[in-house]
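Take a look at the structure set out below.
The values are calculated or read from the model by the stated rules, or taken from the named source; none is laboratory data. Every value quoted in this text rests on a predicted model; they were computed, and no experiment measured them. Because the Cβ atoms are built from the backbone with ideal geometry, glycine has one as well, and the counts that use them run over all protein chains shown. Quick note on the areas: whole protein, heavy atoms, side chains included, nothing else; ligands and nucleic acids left out. Shrake-Rupley method; radii C 1.70, N 1.55, O 1.52, S 1.80 Å.
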Amino acid sequence: MGDDFPDAISDDIPTTKTRAVTAAHISQHSDEAKQDADQTQRDRLTDLFARQAELGQFYREQRTTGFYSEEPITHCTTWTRAIVHECCELDNELNWKPWKNPRPLDANREERLLEMADILHFFLQLALDQNFSADDIYAAYLRKNEENRERQQSDPRYRP
């Protein structure tokens, strides 16, 4: 089986020992890959937060009166409404109107992608204006993801 499995038996019939060694090997590499993926995602999320913060600063410097001159926390309802409206624009691209002839979704992939980017833009600004960092959002997401997973696992309707 190669150098990765020094104690494994190399015939074609899996034994308890080969299964245990293989599982440990896969688990170790899976954990390493997950850590690498986690770091890459955090780096990307941190980059997005930094870019949005720079854009917000640019707006404040360019528009020194009115909306952008107010305290950032006062903008939050504007950003939540913008998110809702961008979601509605995405809905339009997802053929939600049953009375209209639907467009093939592959024909408007770019439009859907840009609506998603708009949603993300306003989400990031909303987070920044509440003094949430990329790490705060990442940690909250992990907690919520685990809570949602546990909720499904504890529901007897979804047990195998």
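May I ask you to list the residues in the stretch 131-145 that are under 23 Å from T74 (Cβ atoms) and open to solvent by 70 Å² or more (accessible area, probe 1.4 Å)? Result: N131, F132, D136. Applying the criterion of at least 1 residues that are within 15 Å of the chain's Cα centre (by Cα) to the helices (runs of 4 or more DSSP H) found wholly in the stretch 41-160 leaves 109-129, 134-154.
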